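These notes concern the structure reproduced below.
The values are calculated or read from the model by the stated rules, or taken from the named source; none is laboratory data. Fair warning: this is a prediction, and the values are worked out from it, not measured in the lab. Note that we place each Cβ from the backbone using ideal geometry, even for glycine, and neighbour counts take in every protein chain shown.
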Amino acid sequence: MRYKVFEYAGYICILASYVIATFAQKAEGIFAVIGLVASLGLLLGSIICYVLYRKYHPDKTTIFKNKAELLILVIPFIIVVIVLLSIRK
């Protein structure tokens, strides 16, 4: 069951990276740099989680068993990204 932790952690890292990148887009000065570094760090964390996922469960080719798991995880983050993009500075 260890691979499930890496699977979900990887997806959460990717989606959190998008949220932070959205904030960094509207930031100025040092906050933009901090946002960029944090976003890139989360993307790197996602890649590491994927590698560990494949290490502990190499024979699985699909990420989610059914589409409901994917929708439950992804839809809230998509809503957050849309809200963040619609916020005017």
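Overview of results
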| read-out | value |
| --- | --- |
| Criterion (within 16 Å of Val5 (Cα to Cα), modelled with pLDDT of 80 or more and within 12 Å of the chain's Cα centre (by Cα)) met by exactly one of Ser39, Ser46 | Ser46 |
| Condition check for Ile20: within 18 Å of Ile82 (Cα to Cα), of a type in the set (A, V, I, L, M, F, W, C) and at pLDDT 85 or above | no |
| Qualifying residues in the stretch 20-52 (those that are crowded, with 16+ Cβ neighbours inside 10 Å and touching a residue at least 60 places away in the same chain (Cβ under 8 Å)) - the one farthest from Ile78 (Cα to Cα) | Phe23 |
